[in-house]
1. What number goes with the only condition from (1) closer than 22 Å to Ile92 by Cβ; (2) modelled with pLDDT of 95 or more that Thr176 does not pass?
2. Please go through region 46-71 and give me each residue that is over 23 Å from Glu124 (Cα atoms) and either part of a loop (DSSP other than H, G, I, E, B) or of a type in the set (Ser, Thr, Tyr) (or both), ordered by number.
3. Mind checking which residues of region 72-106 are part of a helix (DSSP H, G or I) and over 30 Å from Lys13 (Cβ atoms)?
4. Just one of Asp105, Asp117 is open to solvent by 50 Å² or more (accessible area, probe 1.4 Å), touching a helix residue (DSSP H, G or I) at 6+ places or on another chain (Cβ under 8 Å) and at pLDDT 95 or above; which is it?
5. May I ask you to list the residues in region 163-198 that are among the charged types (D, E, K, R) and open to solvent by 90 Å² or more (accessible area, probe 1.4 Å)?
6. Scan region 24-45 residue by residue and report those that are in a helix (DSSP H, G or I) and either over 22 Å from Gln71 (Cα atoms) or free of Cβ contacts under 8 Å to residues at least 24 places away in the same chain (or both).
7. So which residues in region 156-193 are more than 15 Å from Met120 (Cα to Cα), in contact (Cβ under 8 Å) with a residue 40 or more places away in the chain and in a helix (DSSP H, G or I), if there are any at all?
8. Checking Ser62 against (1) within 12 Å of the chain's Cα centre (by Cα); (2) of a type in the set (S, T, N, Q); (3) open to solvent by 10 Å² or more (accessible area, probe 1.4 Å): exactly one of these is not met. Which one?
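The values are calculated or read from the model by the stated rules, or taken from the named source; none is laboratory data. Treat the numbers as computed from the prediction; the structure is a model and nothing was measured. Cβ atoms come from the backbone with ideal geometry, glycine included; neighbour counts cover every protein chain shown. Each accessible area value is taken on the protein alone, full model and side chains, heavy atoms only, with ligands, DNA and RNA left out. Shrake-Rupley method; radii C 1.70, N 1.55, O 1.52, S 1.80 Å.
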Amino acid sequence: VGDISRAIEGAMKPFCDEIMSALIEALQNSALHRSVKPPVLSCFGDIALAIGAGYESYLQVSLMMLLQAAQTRAPEDDDDLIDYVNMLREGILEAYTGIIQGLKDGNRTDLVLPYIDAIMGFLEMLASDRKNDYDNEVLGKAVGLVGDIGSSLGGQIKEQIRQPYVMELLKEGHATGDATIMDTCNWASSVVQQILTC
């Protein structure tokens, strides 16, 4: 679904009702192996990027599914479950990023504002609760989301963006030494600074 979304973009719209229903059904299916759920969540972002403002009719249900998935935690001593939670978090971050970018492209970022505290709450949790993120995939995507939220919503989220956990994520991203993450951090930091000084 993600590849098709990227390939045909807006031409995807007539098929989205059925595709979104199938994705939601898959997420609600307790018999489905858990490894399928992170890429299913990520598809929300791909679809939003493809159809832009047309994603409005799917926004509420997809964000509810993302917020529900964001509550998943793993016990300290279960490495397999910790790895799964990290994959789930990557899928959630990819979905949020795609949804925000898609709505920005469609000039409808206002639709995200009612959910921004919950999305920022997820980032706050990631700043304090990341385990076994050895390759910093979760951190890199979290920093990217900070930048996307800031560049899409600007001064409307000044209060949320000035919270200490935002700076903590950016600081941790810089400390990784990973060139890609550091580039993302530099961009996100400049976006944050613009918001805080306006």
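1. Thr176 satisfies all of (1) closer than 22 Å to Ile92 by Cβ; (2) modelled with pLDDT of 95 or more except (2).
2. Just the residues of region 46-71 that are over 23 Å from Glu124 (Cα atoms), to begin with: 46-58.
Of everything in region 46-71, those that are over 23 Å from Glu124 (Cα atoms) and either part of a loop (DSSP other than H, G, I, E, B) or of a type in the set (Ser, Thr, Tyr) (or both) turn out to be Tyr55, Ser57, Tyr58.
3. First pass over region 72-106, keeping only residues part of a helix (DSSP H, G or I): 79-105.
Matches in region 72-106: Asp79, Asp80, Leu81, Ile82, Asp83, Tyr84, Val85, Asn86.
4. Working: Asp105 fails: at pLDDT 95 or above.
Step by step, each of Asp105, Asp117 is checked, and only Asp117 is open to solvent by 50 Å² or more (accessible area, probe 1.4 Å), touching a helix residue (DSSP H, G or I) at 6+ places or on another chain (Cβ under 8 Å) and at pLDDT 95 or above.
5. So in region 163-198, the residues among the charged types (D, E, K, R) come out as 168, 171-172, 178, 183.
Hits for region 163-198 are Lys171, Asp183.
6. Step one: filter region 24-45 for residues in a helix (DSSP H, G or I), giving 24-28, 34-45.
Across region 24-45, the qualifying residues are Glu25, Ala26, Gln28, Val36.
7. Going through region 156-193, the residues more than 15 Å from Met120 (Cα to Cα) turn out to be 171-187, 189-191, 193.
Still in the running and in contact (Cβ under 8 Å) with a residue 40 or more places away in the chain: 172, 176, 178, 180-181, 184-185, 187, 191.
Correct list: Glu172, Thr180, Ile181, Thr184, Cys185, Trp187, Val191.
8. That leaves (3) as the condition not met.
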